[in-house]
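Peer 1: Take a look at this one; I'll ask things after.
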Amino acid sequence: MVADFGIARMLDQGIDNLTATGMIFGTPSYMSPEQATGDRELDGRSDTYSLGCVLYEMVVGHPPFMGQTARELMARHAMDPVPPAQSGRATVRDELEAALATALAKDPVDRFPSAGAFAAELDRIRRLGPAPARSVTTGRSTGSRSASSPARRRWLVWAAAGAVAAVAVGAAWLATTRSGATGPTRVAVLPLRSLGLEDAELFAEGLTEEITFRLAKLRDLAVVARNNTISLAGGRTVADVGRELNCDYLVTGTIRWHEERGSRQVRVLTSLIRVSDGLSIGDAEFTGAVSDVFTLQSEVAQRVAEALPVRLGSVERGALGRPASVSADAYREYSVGRSLWRRRTPADLVAAVERFEAALRIDSTFARAYSGLSDSYVLYKQFGVAALPPQVAWARAKQAAERALALDSTLAEAHASLGEVLFYSDWDIATAEGRFRRAIAPDPSYATAHQWLAELLALVGRGREATAAARRAVELDPVSPAASNALSMALQAAERPREAIAQSARTMALLASSGGLAGDPGRQLLMGYALYGSAMSHLALGEYQDAVRIMAQLGDTTALTRSWMRAYVEPGYRPEARRLVAQSEARLAALPPTIQSYATAAVGDLDRTIALLGRVVREDGPIATGVMIVPFFREFRRDPKFRAMLDRFGFPR
């Protein structure tokens, strides 16, 4: 039996009223911060924290905090950061490290929202199996490292996996006791195909998004993020798509519009397909006026949910219901805006802003329209929209996100948008991270929040955490080039270059399979990131020729670039490289200051590198430096002058 840890003994003794106001019961080693401080309002998230402590001890060999007295232990739970489990056992998976960090968050709102969610995540990690052998990078070479004999290491790996399985059972029991929840079922809503009138396409995209949005609110369901690039077209079978998206069920369907007595009608056919055998287990047909969009969305989502093996209580059915007090006309504008926003081209982002503003002119209290407005403005600079200066776009994004949260403080996408503004524009790392985690807590299936969190963690040098967050984003949106690129970036920050190269290749394959790059600055940018990241990772491994080959794909075949890359791989070549750099001063000065800093760092010129990075920060902010990812800066990071520069720029130690 899992009870409030340390209280089971009291239950045996027949002590009642254990949660009376002002009384503190529990074992200090497993006591949540709010329980330790006598909080009057405890809920199941306190048990989640305690269960996290048990898992930590099973994996590492001791509780997360230790002390001489109960008072000291409770103070440490309330105040001290949780030591990484990987510092006590190197075989701990990144995914398990991230799950422990979430379960042991100080603020209950940053933990798993329920024991069911914790159990689902542990079950997912358990199915991954033992952690892969880690590649340890030192300087420019790699090798394997083992703290003990192979037999003992295998025992440690499987012991950790066994601990995950055991605690997953406990979490599932607790979840079932509290809410009847079971493990998650994975489902993907494929793009509904539009038939008939041409403008039905955007309506179909919006309906697909809304069904996904509503299903994602069901606690026993893991919903793969919506993506336009996956369908059953092109000879793909149900098994192919199910395997690519790693899901149990697929929702497919068609939409046809037609005019009837001056009114526009819509007919929707949907099918729920079980991936394991390709059978359709739930076909449905809906017909109605386009103007009655909310009823249509609710009916489709509810019929799909009823056919799935998930529990539907009153709370779950409420999540599938009609949004309160939103005009149908405003919603249609919002839906089209979201479809345009998802395409990520400069023209579509500008058009999305116009649609969201149109929705707000109809209904000024529509929180999701403000969130869409924020999401659009926050991407202006990254995706090459020149309509507004970056600072103006970010200011508008921040204002819109804050307005959305004022109207609906639970809106995940608004928390994520505000976090992105705070990170990119304000460089407020701690607050931005908190916003991303606030977005994930109520909506664990929100892939964009996991992706943006991973990018933040990578750029400030928290590579292991970044890798876990990015893997979650990729799991939720397996065919997203942006999520894939975030994972490559995280692996670079974690100094796992071989894996980063493979992930960059995956990003390039996704970009190639989902359309061309012409006229799409966002996709061109992602391709550039993938190529450059791959080249840097080859250099981190000492593979100079491979790096030169990839730089040629970027159009850079100059002797200057080859010289500083070779200097990084071959320190003995540095004097010659410095001479070539000095001779090519004019050519170097024509490069962006970020690339100049790479060159000067590669040849070992610390003072000039610091000066160039200062210029980067002044022009584009600390986020543009890449100092915690790019390998050229590694040998400088322990230098007092370089460390002082990082402190000055606000990089956390």
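Peer 1: At 1.4 Å probe size, what's the solvent-accessible area of residue 57? Round to the nearest 10 Å².
Peer 2: 60 Å²
Peer 1: What is the set of long-range amide H partners of residue 264 at a cut-off below 5 Å, with H atoms built 1.01 Å from backbone N?
Peer 2: 290
Peer 1: Given H placed 1.01 Å from N in the peptide plane, which residues other than close sequence neighbours of residue 195 have an amide H under 5 Å from its amide H?
Peer 2: Residues meeting the amide H criterion: 255, 256, 257.
Peer 1: Tell me, what HN-Hα J-couplings in whole Hz come from the Karplus equation 6.51 cos²θ - 1.76 cosθ + 1.60 at θ = phi - 60° for each residue of the stretch 50-55, using x for Gly and Pro?
Peer 2: Values per residue, Gly and Pro as x: 4, 5, x, 4, 5, 4 Hz.
Peer 1: Here's another thing I want to ask about it. How do 95-105, 582-592, 539-549, 626-636 rank on mean C-beta neighbours within 10 Å, highest first? Mind dumping the intermediate values first?
Peer 2: Working: 95-105: 23.3, 582-592: 12.5, 539-549: 18.9, 626-636: 21.2.
Result, highest mean Cβ count within 10 Å first: 95-105, 626-636, 539-549, 582-592.
Peer 1: Mind ranking 252-259, 457-464 by how tightly packed they are, going by the mean number of other C-beta atoms within 10 angstrom, highest first? Before the final figure, lay out each step's value.
Peer 2: Numbers: 252-259: 17.8, 457-464: 22.9.
Ranked by mean Cβ neighbours within 10 Å, highest first: 457-464, 252-259.
Peer 1: Can I ask one more? Tell me the relative contact order for the stretch 353-429 as a rounded percent, counting alpha carbon contacts under 8 Å between residues six or more apart. Don't jump to the answer; show the numbers that get you there.
Peer 2: Details: 93 pairs, mean separation 24.1, N = 77.
Taking the mean separation of contacting Cα pairs over the length of the stretch 353-429, I get 31 percent.
Peer 1: Provide the solvent-accessible area of residue 437, counting protein heavy atoms only and rolling a 1.4 Å probe, rounded to the nearest 10 Å².
Peer 2: Here the accessible area works out near 60 Å².
Peer 1: Here is a further query. So how many Å³ per residue does the convex hull of the Cα atoms of the stretch 471-630 work out to?
Peer 2: Working: hull volume 18.9 nm³, N = 160.
Convex hull of Cα atoms, per residue: 118 Å³.
Peer 1: Using 0.36 nm times the number of residues separating residue 410 and residue 258, minus their current alpha carbon distance, what extension gain do you get?
Peer 2: Details: separation 152, 0.36 × 152 = 54.72 nm, distance 3.74 nm.
Gain in length upon complete extension: 51.0 nm.
Peer 1: To continue, here is another question. Could you check how much of the accessible area of the stretch 384-514 is carbon and sulfur, as a whole percent, using a 1.4 Å probe?
Peer 2: Details: 2170 of 4210 Å².
Within the stretch 384-514, the accessible surface is 52 percent carbon and sulfur.
Peer 1: Quick one: which residues, 5+ away or cross-chain, put their amide H under 5 Å from the amide H of residue 283? H built at 1.01 Å from N.
Peer 2: Amide H neighbours of residue 283, under 5 Å, 5+ apart: 272.
Peer 1: Shifting gears a bit: Based on the mean of other beta carbon atoms within 10 Å per residue, what is the order of 345-356, 565-576, most packed first?
Peer 2: Details: 345-356: 20.4, 565-576: 17.6.
In decreasing order of mean packing, 345-356, 565-576 become 345-356, 565-576.
Peer 1: Now for a different question. Along the stretch 374-391, what does the Karplus equation 6.51 cos²θ - 1.76 cosθ + 1.60 (θ = phi - 60°) give for ³J(HN,Hα), rounded to whole Hz, x for Gly and Pro?
Peer 2: 5, 4, 6, 4, 5, 9, 4, 5, 4, 9, x, 7, 9, 5, 9, x, x, 5
Peer 1: Keeping every protein chain in place, order 125, 501 by accessible area at 1.4 Å, biggest value first, i.e. largest first. Walk me through the intermediate numbers first.
Peer 2: On the way: 125 5, 501 25 Å².
If we order 125, 501 from most to least accessible, we get 501, 125.
Peer 1: Describe numerically, in nm with one decimal, the distance between label points set 7 Å from Cα along Cα→Cβ at residue 648 and at residue 387.
Peer 2: Each label point lies 7 Å from its Cα, and together they span 3.9 nm.
Peer 1: Using a Förster distance of 51 angstrom, determine the FRET efficiency expected from the C-beta separation of residue 107 and residue 586, and round it to 0.05. Write down the numbers at each step before the final one.
Peer 2: Numbers: r = 54 Å, r/R0 = 1.05.
After rounding to 0.05, the efficiency reads 0.45.
Peer 1: Which whole-Hz couplings ³J(HN,Hα) result when phi for each residue of the stretch 399-406 is put into the Karplus expression 6.51 cos²θ - 1.76 cosθ + 1.60, θ = phi - 60°, listed in order with x for Gly and Pro?
Peer 2: Per residue, the Karplus-derived 3J(HN,Hα) values read 4, 5, 5, 5, 5, 4, 5, 5 Hz.
Peer 1: Hey, what did the stretch 426-476 get for relative contact order, percent, Cα under 8 Å, at least 6 apart?
Peer 2: On the way: 46 pairs, mean separation 16.6, N = 51.
With pairs under 8 Å counted, the relative contact order is 33 percent.
Peer 1: Sticking with this one: P(r) for the stretch 612-653, please, calculated from all Cα pair distances in 10 Å bins and given in %.
Peer 2: Calculated over all Cα pairs of the stretch 612-653, the distribution is 30, 64, 7 percent.
Peer 1: Please compute the modelled spin-label separation between residue 279 and residue 502, points set 7 Å along Cα→Cβ, answer in nm with one decimal.
Peer 2: Modelled inter-label distance: 3.6 nm.
Peer 1: Full-extension gain between residue 365 and residue 606, please, as 0.36 nm times their residue separation minus the C-alpha to C-alpha distance. Working shown, then result.
Peer 2: Details: separation 241, 0.36 × 241 = 86.76 nm, distance 5.33 nm.
Net length gain for the segment: 81.4 nm.
Peer 1: Follow-up question, since we're still on this one. Please grab the % of Cα pairs in the stretch 392-452 that end up more than 16 Å from each other.
Peer 2: Values: 659 of 1830 pairs.
Here the long-distance tail beyond 16 Å is 36 percent of all Cα pairs in the stretch 392-452.
Peer 1: Right, here's the next one. Rounded to two decimals, what is Rg over Rh for the stretch 560-653 when you use alpha-carbon atoms and the Kirkwood radius? Let's see the in-between values first.
Peer 2: Values: Rg = 12.7 Å, Rh = 13.3 Å.
Rg/Rh: 0.96.
Peer 1: Multiply the residue separation of residue 246 and residue 558 by 0.36 nm, subtract the distance between their alpha-carbon atoms, and state the gained length in nm to one decimal.
Peer 2: On the way: separation 312, 0.36 × 312 = 112.32 nm, distance 4.31 nm.
Difference between extended and current length: 108.0 nm.
Peer 1: Moving to a separate point now. In Å³ and rounded to a whole number, note down the convex hull volume per residue for the Cα atoms of the stretch 393-538. Intermediate results must be reported in sequence, preceding the final value.
Peer 2: Numbers: hull volume 15.7 nm³, N = 146.
Taking the convex hull of the Cα positions in the stretch 393-538, it is 107 Å³ per residue.
The values are calculated or read from the model by the stated rules, or taken from the named source; none is laboratory data. Quick caveat, the model's predicted, so the values are computed rather than measured. Cβ atoms come from the backbone with ideal geometry, glycine included; neighbour counts cover every protein chain shown. Ligands, DNA and RNA are stripped out before the accessible areas are found, and what is left, the full protein with its side chains, is counted by its heavy atoms. Shrake-Rupley method; radii C 1.70, N 1.55, O 1.52, S 1.80 Å.
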